[in-house]
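Here the structure is laid out as structure tokens; the discussion comes afterwards.
The values are calculated or read from the model by the stated rules, or taken from the named source; none is laboratory data. These numbers come from a predicted model, not from an experiment. Note: ideal-geometry Cβ built from the backbone for every residue, glycine included; neighbour counts use all protein chains shown.
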Amino acid sequence: MESVVMEKQMLLWNRLLVWLFLAVAGVLGAVFAPQALLAQEAEASTAAAAQQPHPPLCRLGVNALHGATNTFDEVDLAPLRVGWYIDYRAVPPEAPPSGVAHAPVIRISRDGASGYVSSPRGTALQQAIADNPGADWIIGNEPDRRAVPGGATDDLLPSVYALAYHDLYHTIKQADPTARIFAGAIVQPTPVRLQYLDLVMRSYYEQFGVGMPVDGWAIHNFILNERSCDHYKDAQICWGADIPPGIDATDGLVVEVDQNDDFDLFVEQIQRFRFWMASRGYGGKPLYVSEYGVLMPERLGFSSDRVNRFMERSLDYLLNTTDQALGDPTDGYRLVQRLAWFSTVPSGEFNGYLYERDQPNAPFRLSPMGENWVAYANALAVETDLYPVQIAFDPPAPLADSGNITFTVKAQIANAGNSQAARSFTVRFYDGDPNQGGAPIGGPQTVSLAGCGDHAQVSVVWPDVAPGDYRVYVWVDPVGAVGETDKSNNLKSASPLFATDQAFLPLLFRTPFMQ
């Protein structure tokens, strides 16, 4: 009998130990769940990377000339490591390859003297928006280029492009507020074409009474002759990009055919456009070079070796060049966030194609230029660079004699890496330096960002703060769950301002008598 009692006591004791273990584990799990979850995600991400040694990179893109006889089964984008592509359509003829984003393009054509027609439009456009949540939409394709055979360009007066942009911008934003709208898509950012964009913006203001809302700019960056065919009437003189519609000029950029791969001009045009963006109030916004390459054929002296030299120099420049005054602050101040090389396959006599075949029914293979692209792309490491961009307080400057204040602290967090896949991590706020015993403000918040300047805002309520001197810190990935190229920029601080005086300034209103 005594042994039975002892056995029951042991059983109850074991059950109690198990219950205590589970309870403690539950508490610890609640405390450390975000860190454990991130560790699991990091392990899963590492395992996925091991299975895919050369994953897509968000900065690399291509102009995909695909259709019924040129599908992604025949022209595989995976070896190119592109994270996005353009096919000059809003609705692609086939599903994008896994891990590769399709950037929808809405084409615009003239309808009478001052009207336009978009493709797609109506129900088809609404369906395209619904099928592409959060997409980067490009409005138009070379609206600054007078009509060419085949309808490859949009050929729009500045006032018509402004009207079309307004309508399409608001149509897309109303259906999908998370979409980003990119304007421009001009042939090349030369002075005469920046004049065209200035006319677009002026017309937009005149028609709608507000500045032109733009989430980002897309440009093509070719080096082509700009001479008026209406004036010269000689294709040997006016070859290239012509003069934009709506501009009364005979000459813009005048170059020779042999300058089609002039790297110095290529760089000059990128820098010119970034300066133009800043001077027009769009500084720091994303810039996509959505089409570029070497167009001139081999018979004019542009061998694959020559194209490859330009390819490598241009990729080096576009992927790495930064400017603290002109670049995108959410992308490490890079001048260019994404690029798209022209093109996947041959189109007429245009050069630069990455795939080729010997005859119409033969399988596609990498061209010498495609092999060079693949070699360059495979040498690129996958990078993640997380950091806080800026910190703001709301209210921004309360009066010190108003008593205790409840602040909302906001921080913009960015990823300047090159990964097409998003990475998850935590962000925390602190009153004081966390490395010196600073106190947490609120709890950890989980954020997920891809590269190329992807960013998000996080915020925390900081209650009942007495007026005084404070230093608030934002720490990105404090548990070190994500491997990064630069951990030194993960911590940023700012101080709230308490005002000592309040001033009331008069409001000025424009009257019919003020000029």
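A compact table of results
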read-out	value
Which listed residue is within 26 Å of Leu491 (Cβ to Cβ) and within 30 Å of the chain's Cα centre (by Cα), from Asp394, Asp316	Asp394
Within the range 379-463, strands (runs of 3 or more DSSP E) holding 3 or more residues that are polar (S, T, N, Q) and at pLDDT 95 or above	405-415, 439-449
When residues of the range 168-189 are limited to those that are touching a residue at least 12 places away in the same chain (Cβ under 8 Å) and in a helix (DSSP H, G or I), the one farthest from Arg280 (Cα to Cα)	Ala175
Condition met for Ala235 (assigned by TED's automatic domain parsing to the domain that holds Ile138 and touching a residue at least 40 places away in the same chain (Cβ under 8 Å))	no
Odd one out for Pro496, checked against (1) part of a loop (DSSP other than H, G, I, E, B); (2) surrounded by fewer than 19 Cβ atoms within 10 Å (Cβ to Cβ)	(2)
The range 350-380, subset touching a residue at least 40 places away in the same chain (Cβ under 8 Å) and small (Gly, Ala, Ser), residue surrounded by the fewest Cβ atoms within 10 Å (Cβ to Cβ)	Ala377
Pair list, Cβ under 8 Å, 6 or more apart: the range 468-481 residue in the same structural domain as Phe425 (by TED's automatic domain parsing), other residue in a strand (DSSP E or B) and basic (Lys, Arg)	Tyr473/Lys492; Val474/Arg428; Val474/Lys492; Trp475/Arg428; Pro478/Arg428
Qualifying residue in the range 67-84 (condition: in contact with a Cys (Cβ under 8 Å, 6 or more places away or on another chain) and either at pLDDT below 90 or outside the structural domain of Leu449 (by TED's automatic domain parsing) (or both))	yes
Out of Asp248, Asp242, sole residue that is assigned to a loop (DSSP other than H, G, I, E, B) and touching a strand residue (DSSP E or B) at 6+ places or on another chain (Cβ under 9 Å)	Asp242
Residues of the range 236-271 satisfying the condition of being more than 34 Å from the chain's Cα centre (by Cα) and within 24 Å of Arg306 (Cβ to Cβ)	Gln236
Any chance Leu319 is in contact with a helix residue (DSSP H, G or I) (Cβ under 6 Å, 6 or more places away or on another chain), assigned by TED's automatic domain parsing to the domain that holds Trp276, under 17 Å from Ser290 (Cα atoms) and surrounded by 15 or more Cβ atoms within 10 Å (Cβ to Cβ)	no
Selection from the range 86-101 of residues that are in contact with a helix residue (DSSP H, G or I) (Cβ under 6 Å, 6 or more places away or on another chain) and either outside the structural domain of Asp131 (by TED's automatic domain parsing) or not β-branched (Val, Ile, Thr) (or both)	Ala90
Those strands (runs of 3 or more DSSP E) lying entirely in the range 48-151 with at least 1 residues out of contact with any Phe, Trp or Tyr (no Cβ under 6 Å at 6 or more places or on another chain) and within 24 Å of Tyr165 (Cα to Cα)	82-86, 105-111, 115-119, 136-139
Conditions (1) touching a residue at least 60 places away in the same chain (Cβ under 8 Å); (2) in a helix (DSSP H, G or I); number of the one not met by Thr344	(2)
So Val187, is it crowded, with 23+ Cβ neighbours inside 10 Å and out of contact with any Gly (no Cβ under 8 Å at 6 or more places or on another chain)	yes
Count - residues of the range 134-151 that are modelled with pLDDT under 95 and surrounded by 14 or more Cβ atoms within 10 Å (Cβ to Cβ)	2
Any pair with Cβ under 7 angstrom, 6 or more apart, that starts in the range 193-204 at a residue that is under 23 Å from Phe222 (Cα atoms) and ends at one that is assigned to a helix (DSSP H, G or I) and at pLDDT 95 or above	Leu194/Trp276; Tyr196/Pro158; Leu199/Pro158; Val200/Pro158; Val200/Tyr161; Val200/Ala162
